[in-house]
Amino acid sequence: MASKAPSSASPDPINLIAQVNRGRSPQLMQRKFDAMAHDRFAFLRGTAMLGHRALDLAALPAAPLGWVCGDLHLQNFGCFRGLNRLVYFDLNDFDEAARLPVSVDLLRFLGSICTAAPDMGLERSAAASMVQLALAAYASALARGKAFWLERETAIGAIKVLLKQAGERKRLSLLAARSHVVGSRRQIKLDGVRYLPVSGRAAVRAHIGHALELLASRFGDREFFRKRDIAFRIAGMGSLGVPRYVALVRGKGDPDRNALIDVKKAVASSAAQALPQYAQPAWPNEAARVVGVQDICQAASPAFLSAMTFGAVPFVVRELQPVEDRVTLPRLGRRIDRLDQTLQSMATLAAYAQLRSAGRMGAAGVDDLIEFGHELRARPRRWGEAARAVDAANSAAFANFRTVWQAGDERLHRLCEVPASADGPRGPSKSVARGSAARKSAGTKRRER
């Protein structure tokens, strides 16, 4: 069944950004806001809530309700190993997952192509062509009405290269990059870039220890999940500052066959919050939502994917996936001749995820998605125009944010102040401990690469 959404009035975007990031680690907010002010694509990644509120779904043909990842852009695809140890390439971020018109994911994905075009070396006309190619691939996959998955043997373009590299990458290379051996035991590298020491160390150790016990019970291998070390993990853009930890565990043996487990707090979906006219099913907690939707959308899920609660706080737990297994924008830009293949594959995977979850928990059925696919094929131009509108809205919001951030706006800079008794990750904080006078001086542009 298709639905139309009224266009909703947007609150002040800076107030909204401040609201979403309130309560997060102040040690990391300066890092996040610097990155968002430096780069349009980083801003898009860090402000999903603005993107959803700017959508004018009522101006487009009605789309069926389906399970969407809620933040579908070029860098939310990646390789991962499933529990069967096979390597997959798929949508790989469901933090914002919700039951919404499937056009929400489609428009964000197509808009992200326009936003990323300069980083991929594309002129505006070439970006418009890529949008139409991706749209056609998505529409064709929906119209066919059957979900498949990408394998190393059938993948093309940059994804084929990525799958090959991921399949050959050994766990030891990840361990070497993220940890070092002290004596006979491995420890996480507290480099201030990927990892920081944890505060409230006893409580965090207890929570993560409990998580590892649950994993050991669930997967029947107590030795594998024996804890060796923990750290606060720095990763992502939209979720940067949310409590996130990594646990180094025994794995298949010390020290060179250890494994890394990601433990991330689950927060409410900004997509669902931005579009409240679409009712959501009742979930036990936010982690159950993330894991539940990921499970029905993916052909296979990352190893050890689980929803847990520590006290009343929900966390998503899974094996740590190397960030190198994502398709980065520079990687895409190196082979423009293969870019169209990669974007079409991504769009096709988005359609497969929606087909795979069709009819589940109130989502529209496959026949509705097939019909929508035919509608897209018949009238593609207006969707290309809508994608450009998504990019234009992001560009305007980015310019406003950069100006406000560099001017020292208190709504943002207050979030970067570290209290004397901060209960967050411990680590370098001189860049976030500036006084009010320094914040307001001359808007020096800080860039974090």
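What follows draws every value from the coordinates through simple rules; no lab data is involved. Predicted, not measured: the structure shown is a model, and the values here were computed from it. Cβ: placed from backbone, ideal geometry, glycine included. Neighbour counts: every protein chain shown.
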Problem set entry | Residues V181 and A268, FRET efficiency given R0 of 41 Å [Cβ-Cβ distance, rounded to 0.05] | 0.55
Exercise. Near A266, within a Cβ-to-Cβ distance under 13 Å, what is the net charge of the other residues, with Lys and Arg +1 and Asp and Glu -1?
Worked result: 0
Exercise. Tell me, what HN-Hα J-couplings in whole Hz come from the Karplus equation 6.51 cos²θ - 1.76 cosθ + 1.60 at θ = phi - 60° for each residue of the range 85-100, using x for Gly and Pro?
Worked result: 6, 7, 9, 10, 10, 6, 4, 9, 8, 10, 4, 9, 4, 6, 9, 9
Problem set entry | Size of charge dipole - the chain - debye, nearest 20, with Cβ of Lys, Arg +1 and Asp, Glu -1, no other charges | 1440
Exercise. Once amide H atoms are built 1.01 Å from N in the peptide plane, which residues 5 or more positions from G365, or in another chain, come under 5 Å H to H?
Worked result: G359
Exercise. For the range 235-380, what does the alpha-carbon gyration tensor say about shape, rounded, prolate or oblate, given a ≥ b ≥ c as the root eigenvalues, a/c under 1.5 as rounded, and a/b over b/c as prolate?
Worked result: oblate
Exercise. Net charge near A235, counting Lys/Arg +1 and Asp/Glu -1 over other residues with Cβ under 10 Å of its Cβ?
Worked result: +3
Exercise. Shape of the chain from its Cα gyration tensor (a ≥ b ≥ c, root eigenvalues): rounded if a/c is under 1.5, otherwise prolate when a/b > b/c, or oblate?
Worked result: oblate
For this session: Find the all-direction average of the projected area of the Cα convex hull for the range 240-318, expressing the result in square nanometres with one decimal place.
Result: 6.9
Problem set entry | Qualifying trypsin sites (Lys or Arg not before Pro) for the range 218-310 [loop in DSSP, other Cβ within 10 Å: at most 10] | none
Seminar exercise, completed: The alpha-carbon center of the range 11-73 and that of the range 280-353 are separated, in whole Å, by 17
For this session: Starting from the amide H of Y195, placed 1.01 Å from N in the peptide plane, find each other amide H under 5 Å away whose residue is 5 or more places distant or on another chain.
Result: I234
Seminar exercise, completed: Here the FRET efficiency for R22 versus T403, based on Cβ atoms and R0 = 22 Å and rounded to 0.05, is 0.55
Exercise. What net charge is computed for the residues neighbouring R108, neighbours being all others with C-beta under 15 Å from the C-beta of R108, Lys and Arg scored +1, Asp and Glu -1?
Worked result: -3
Seminar exercise, completed: The simple spin-label model distance between R257 and R169, using points 7 Å out along Cα→Cβ, in nm, is 2.1
